[in-house]
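Contents: one structure, followed by commentary.
The values are calculated or read from the model by the stated rules, or taken from the named source; none is laboratory data. All of these numbers come straight from a predicted model, not from anything done at the bench. Here the Cβ positions follow ideal geometry from the backbone for every residue, glycine too, while neighbour counts run over all protein chains shown.
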Amino acid sequence: MNRKVLHILFLALAACLFCPEWAQAAGKKFIVVIDAGHGGHDPGAVGKTAKEKTINLNTALALGRMIESNCPDVKVVYTRKTDVFIPLHQRAVIANNAKADLFISIHTNALPKGKITYGAETYTLGMARASQNLEVAKKENSVILMENGYKETYKGFNPNSSESYIIFEFMQDKNMNQSVNFAKKVQQQFKKAGRVDKGVHQAGFLVLRETAMPSVLVELGYISTPDEERFLSSSDGYNRMAKSIYNAFVNYRNTQSKQIAYNEPTVAEDIATPEPVVEEKIEQNTPRKEQRVERNTEEVTKQTDTNQPIFKIQFLTSDRKLSSSDSRFKGLKNVDNYKEKGLYKYTYGATTDYNEILRKKKEINSKFSDCFIIAFRNGEKMDVNEAIRIFKRRK
């Protein structure tokens, strides 16, 4: 082997050893860990009708779907995908074991009763110099009190003691610059989406302290503010928040390597958004036949015979069958239902015309802001995007 070939091989080896960005571009996937705060017996902040744990999980799953669908070079790891309790230190362990490149913890804020405010903010690890930042950190860290042996696990840390947070004054986070960089991008995207920008802050979050990669904690808004609660609980709301974080992620990812052309996430009003997570216990191994639609109208029967997709608007889910005069229907007439995984899911409208169902959805949006379009064929629930494609081909 001549000197020239040896020289080329040496340079290639040096590039792998000393240029991790090049090595990553050559094959290693970028790993992002998405952490839905709270869960299980820990509801987090509680509003009039919603719980923080559900808002966090809906947003986290929507964000993960967007990245998985549009970023083939990125691996998504979730700390939880269902309504379960995960200790704070275990969330960090999941991220560290995955050798993650970025950690995103998703939460929802709250204020004492009677106080109203709006907007989203993003935190990185640091000393909570402002009193309001300290209170946010205390609230999120207090979850450790639900863990057995928390004093040993967190080395005597008391989430309600201001003195415990002094340690963060002396912590030099080697990932601070990248964490702040990503946090700024998140806030920029929230602002573009029309949200009130409450800025980037530092505070002593235990879940960020334990991670070994750039990490942020996002507070989506205030569940204690009725308008914010309604927005964040709706499919439109959590998808908009997820899309903002997704756009920030794409911008951040492109600063870590060569510019990558990622797709826009397919979330819009005329495409059905994911069904919200249901907190009630769901039966396992539900027989397939339970997904059949209860045909309560002649119109549905006629249209089903055409073998064309039937579009409906789903607006309510219940663990029990409701009477036709139930107040939760808000006066809506000609309501249908179908049973799926042990739950009764209520729908309005039934038509093979997608444009018509869009008009009906707009009619009831003021009453049911989180309603969404679903589709059936021959009585079986089907992918709504496929149903839309069939409708467009037929046109």
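What to note about this one:
- Some residue of the stretch 193-215 being outside the structural domain of Asn385 (by TED's automatic domain parsing) and at pLDDT 95 or above: no
- Subset tally (residues that are closer than 10 Å to Ile313 by Cβ and of a type outside the set (A, V, I, L, M)) for the stretch 363-379: 5
- Just one of the listed residues (Glu169, Glu163, Glu121, Glu147) is modelled with pLDDT of 60 or more, over 25 Å from Ile67 (Cα atoms) and assigned by TED's automatic domain parsing to the domain that holds Ile223, and it is Glu147.
- Restricting attention to the stretch 173-214, the residues that are in contact with a Lys or Arg (Cβ under 9 Å, 6 or more places away or on another chain) and over 29 Å from Lys115 (Cα atoms) total 5.
- Just one of the listed residues (Thr49, Thr82, Thr54) is buried (at least 18 other Cβ atoms within 10 Å of the Cβ) and in contact with a helix residue (DSSP H, G or I) (Cβ under 9 Å, 6 or more places away or on another chain), and it is Thr54.
- Of residues in the stretch 328-387 being of a type in the set (Val, Ile, Thr) and part of a helix (DSSP H, G or I), the one surrounded by the fewest Cβ atoms within 10 Å (Cβ to Cβ): Ile364
- Tallying residues that are touching a Leu at 6+ places or on another chain (Cβ under 9 Å) and over 23 Å from Arg230 (Cα atoms) within the stretch 336-373 yields 1.
- Considering the stretch 300-315, and only residues there that are farther than 13 Å from Tyr348 by Cβ and either in contact with a helix residue (DSSP H, G or I) (Cβ under 8 Å, 6 or more places away or on another chain) or among the aromatic types (Phe, Trp, Tyr) (or both), the residue that is modelled with the highest pLDDT turns out to be Pro309.
- Subset of the stretch 356-380 (residues that are touching a residue at least 60 places away in the same chain (Cβ under 8 Å) and farther than 17 Å from Ser235 by Cβ): Phe376, Arg377, Asn378, Gly379, Glu380
- Restricting the stretch 18-39 to residues that are in a strand (DSSP E or B) and not aromatic (Phe, Trp, Tyr) leaves a set whose member that is modelled with the lowest pLDDT is Gly39.
- Leading residue by the ranking (nearest to Ser233 (Cα to Cα)) among those in the stretch 40-88 that are part of a loop (DSSP other than H, G, I, E, B), touching a Gly at 6+ places or on another chain (Cβ under 9 Å) and among the aliphatic types (A, V, I, L, M): Val84
- Test result for Tyr348, of a type outside the set (S, T, N, Q) and under 18 Å from Ser327 (Cβ atoms): yes
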